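Before any comments, here is the structure.
The values are calculated or read from the model by the stated rules, or taken from the named source; none is laboratory data. These numbers come from a predicted model, not from an experiment. Note: ideal-geometry Cβ built from the backbone for every residue, glycine included; neighbour counts use all protein chains shown.
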There are 2 protein chains.
Amino acid sequence: MELLEEHRCFEGWQQRWRHDSTTLNCAMTFSIFLPPTNGTTPPPVLYWLSGLTCTDENFTTKANAQRVASELGMVLVMPDTSPRGADVANDDGYDLGQGAGFYLNATQQPWATHFRMYDYIRDELPALIQDKFNVSDRCAISGHSMGGHGALLLALKNPGKYVSASAFAPIVNPGNVPWGKKAFTAYLGEDQSAWAQWDSCALLHASQADAATPMLIDQGDNDQFLADQLQPAVFAEIARQKDWPLTLRIQPGYDHSYFFIASFIEDHLRFHAQYLLK
Amino acid sequence: MELLEEHRCFEGWQQRWRHDSTTLNCAMTFSIFLPPTNGTTPPPVLYWLSGLTCTDENFTTKANAQRVASELGMVLVMPDTSPRGADVANDDGYDLGQGAGFYLNATQQPWATHFRMYDYIRDELPALIQDKFNVSDRCAISGHSMGGHGALLLALKNPGKYVSASAFAPIVNPGNVPWGKKAFTAYLGEDQSAWAQWDSCALLHASQADAATPMLIDQGDNDQFLADQLQPAVFAEIARQKDWPLTLRIQPGYDHSYFFIASFIEDHLRFHAQYLLK
């Protein structure tokens, strides 16, 4: 592990690290915020998954989540959104390849060699964080857009692993929208029966509400991708039918940008703190 | 005036505008945050001046000042740091030319045609803001590094115009440090007698404390530019001798980055609010 950057931030430390990922077969960069601690109780971790075209730096520099994470005593881990590098497969589109890993394990070449973001986020990265930093084993997960899809997906596929999950403008039903169809066709193949295990709506439909992870979703009603790509109401309707503990908030006037995320990230951190810190 | 972007943000609006500046003889872009209002009392304005290499977007996206500005009911205006464009003189260095206007009026060619940021920030931009937006005539000023120099300079040269001034890691004595010497030689010429009117230490030395603008400066003690370029203690010592209302805070471990600014911007906004909102 190589420390690339370190900055004092809200009485804690904002760091950027590079490490060699055995899951992804390439070097990966992640950012981490370490809150001030009392030296005795290891803090819990919130994983943040970013959206298409992002790296570990977008949320780190724009959301200002460190302020409330410092107050609450919560570690923030911000991974990259895909494997990277000259040896890693790519595509000319912003919505496929590097910057667009979709938090799944690809089965089709040329993607399958590196694109295993699901295993990386679920297993390799948390093991590394546990090993290298003073953190507790309690964790939660959140994300934006493609990263909101990732956060819901990881929580639904791993009951009990994350104490809570939240999302901003998530792609809840990738198997039925243009971004998801393009990515799933490339990463998983034409056979749509292989898609359901990576689709939050399908996963929620098959989930047991008695092992439910509490969830919070915020969605701006002026989001340019709401109608074609997002539609969190489809997910919320399945949750309603199952009596799943989901709160969907429609925020009037807000769009898909980080100005939206910055405006409501405090609520998400306090939502997760209810479960992480109890 | 052309609206380039608009985002809902903390119940207010974050906008980006382009206009033709008669002072700078080029098109200029600025960002503005408009807090939610009660519709009756026009809000006051805080001008923010950014540092070398920045545009109107750095503070807008990274400092998260909108949160507290929304709460306090304060407009934020973020101008660019210099004239811009293919017709505007430039230099290969990051610290001269476009992105490095130093908030002065250049007297030397090729700079004098466009580089009149002092007049733009003092006169043209506030007149435009007053004309196009619902704001009161009360204003304050703040900035970072080269922009901290600009904020102190504008306050010291115009007693009574700004109700308060603040700065993060300001260049307080440009006539005596490498960044300032390079810029002043180019913009103002070799004759150093012309430099004092653009140097905050010289201006403070010549100022009357009975018309003092209250000031707050934050400086990180791990700032890589502290010893060679900044030295706010030189400014603070002149203030002490004159009984000038300046608070200089040394923040342990903080550097020159926007993580430093984000950590303390709330204190600056509340400092200005004492004067802007009374």
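The table for this structure:
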{"read-out": "Members of the range B:204-224 found to be surrounded by fewer than 22 Cβ atoms within 10 Å (Cβ to Cβ) and under 24 Å from residue B:99 (Cα atoms), listed by number", "value": "B:223, B:224"}
{"read-out": "Residue in the range A:140-157 that is among the polar types (S, T, N, Q), touching a helix residue (DSSP H, G or I) at 6+ places or on another chain (Cβ under 7 Å) and either within 29 Å of residue A:14 (Cα to Cα) or buried (at least 23 other Cβ atoms within 10 Å of the Cβ) (or both) present", "value": "yes"}
{"read-out": "Total residues in the range B:224-256, condition out of contact with any helix residue (DSSP H, G or I) (no Cβ under 6 Å at 6 or more places or on another chain) and either not in a helix (DSSP H, G or I) or not hydrophobic (A, V, I, L, M, F, W, C) (or both)", "value": "17"}
{"read-out": "Extreme residue, farthest from residue B:91 (Cα to Cα), among residues of the range B:141-198 that are without any contact (Cβ under 8 Å) to a residue 40 or more places away in the chain and charged (D, E, K, R)", "value": "B:161"}
{"read-out": "Among residues of the range B:257-278, those that are within 14 Å of chain A (Cβ to nearest Cβ) and part of a helix (DSSP H, G or I), counted", "value": "11"}
{"read-out": "Selection from the range A:76-123 of residues that are within 20 Å of the chain's Cα centre (by Cα) and acidic (Asp, Glu)", "value": "A:80, A:95, A:119, A:123"}
{"read-out": "Filtered residues of the range B:157-183 (kept if within 17 Å of the chain's Cα centre (by Cα) and part of a loop (DSSP other than H, G, I, E, B))", "value": "B:158, B:159, B:160, B:161, B:162, B:163, B:164, B:169, B:170, B:171, B:172, B:173"}
{"read-out": "Condition broken by residue B:85, with the remaining ones in (1) surrounded by fewer than 18 Cβ atoms within 10 Å (Cβ to Cβ); (2) small (Gly, Ala, Ser); (3) over 25 Å from residue B:182 (Cβ atoms) satisfied", "value": "(3)"}
{"read-out": "Residues satisfying the stated conditions in the range B:249-261, i.e. within 14 Å of residue B:144 (Cα to Cα) and surrounded by fewer than 22 Cβ atoms within 10 Å (Cβ to Cβ)", "value": "B:255, B:257"}
{"read-out": "Residue A:254 vs. criteria away from chain B (no Cβ under 14 Å) and either more than 19 Å from residue A:69 (Cα to Cα) or at pLDDT below 95 (or both)", "value": "no"}
{"read-out": "Flag if residue A:186 is in a helix (DSSP H, G or I) and more than 20 Å from residue A:53 (Cα to Cα)", "value": "no"}
{"read-out": "Total residues in the range B:265-278, condition among the hydrophobic types (A, V, I, L, M, F, W, C) and surrounded by fewer than 19 Cβ atoms within 10 Å (Cβ to Cβ)", "value": "1"}
{"read-out": "Qualifying positions in the range A:225-238 - within 16 Å of residue A:165 (Cα to Cα) and either modelled with pLDDT under 95 or surrounded by fewer than 23 Cβ atoms within 10 Å (Cβ to Cβ) (or both)", "value": "A:236"}
{"read-out": "Strands (runs of 3 or more DSSP E) wholly inside the range A:1-110 that include at least 2 residues being within 14 Å of chain B (Cβ to nearest Cβ), in contact (Cβ under 8 Å) with a residue 24 or more places away in the chain and among the hydrophobic types (A, V, I, L, M, F, W, C)", "value": "A:2-9, A:26-34, A:75-79"}
{"read-out": "For residue B:69: the one exception among (1) within 16 Å of the chain's Cα centre (by Cα); (2) buried (at least 24 other Cβ atoms within 10 Å of the Cβ); (3) not β-branched (Val, Ile, Thr)", "value": "(1)"}
